[in-house]
1. Whether any residue in the range 38-57 is surrounded by 12 or more Cβ atoms within 10 Å (Cβ to Cβ) and of a type in the set (Asp, Glu) is what I want to check.
2. When you scan the range 17-54, how many residues do you find that are in a helix (DSSP H, G or I) and either touching a Leu at 6+ places or on another chain (Cβ under 7 Å) or among the charged types (D, E, K, R) (or both)?
3. Which residue pairs have Cβ atoms closer than 7 Å, lie 6 or more positions apart in sequence or on different chains, and pair a first residue in the range 18-40 that is under 20 Å from Phe7 (Cβ atoms) with a second residue that is hydrophobic (A, V, I, L, M, F, W, C) and not in a helix (DSSP H, G or I)?
Amino acid sequence: MIYSIVFVFLYACTDEIHQYFIPGRSMSFKDVLIDTSGAIIGYLVIKLIKAIKIKKD
């Protein structure tokens, strides 16, 4: 799962670098943080669901 978060971070970085070269678009580190935060929240939600499922069993 950690590899997924790292992948999202790297993909977001390359996406922002790509946007730098597109007229009318800008590069924003804030977008990288938003994308990475989404990956982290998704990871935590999955862990929470698994913990609840294990507790029920």
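1. Scanning the range 38-57, I find no residue that is surrounded by 12 or more Cβ atoms within 10 Å (Cβ to Cβ) and of a type in the set (Asp, Glu), so the answer is no.
2. 6
3. Cβ pairs passing all conditions: Gln19/Met27.
Any read-out appearing in this document is the output of simple, stated calculations on the displayed coordinates, not a laboratory observation. The structure presented is a predicted model; accordingly, all values stated were derived computationally and were not measured. Here the Cβ is made from the backbone with ideal geometry for all residues, glycine too, and neighbour counts use every protein chain on show.
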